[in-house]
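Visitor: To start, I am sharing the structure in question, which I have written as structure tokens.
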Amino acid sequence: MDKENTQINNFSHTLTMIERKTAVITGVKKIDNFDNEEFLLETVMGYLLIKGEDLELVKLDTRDGNVSIKGLIISYSYLEDHKEKDKENSIFHRLFK
């Protein structure tokens, strides 16, 4: 288990955009959520949110941490406080506020 975590932490992170139609991302730890309009990826540099239209997962290499996405890419952003937002938006937090 420690070997896997160390290997993931040694990945470098890159995001290559090709004509807003393809994104190639390295250093991906896991895909948290995705549909045809959004991808939420946990990378070694934090959470990455990619928004677009007709998005599809083309390649997923969990061993090397590589992901390829195709479709019309409208935006991408890094979420610094993703965990805090999840806590704030949880139903229990809102009920017992």
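Visitor: Let me spell it out: the conditions are (1) on the phi > 0 side of the Ramachandran plot; (2) modelled with pLDDT of 95 or more; (3) within 11 Å of the chain's Cα centre (by Cα), and Val67 meets all of them except one. Which number is the exception?
Guide: Condition (1) is where Val67 drops out.
Visitor: Check whether at least one residue in region 7-24 is assigned to a strand (DSSP E or B) and modelled with pLDDT under 95, and report yes or no.
Guide: No, because not a single residue in region 7-24 is assigned to a strand (DSSP E or B) and modelled with pLDDT under 95.
The values are calculated or read from the model by the stated rules, or taken from the named source; none is laboratory data. This is a predicted model, so every value here is computed, not measured.
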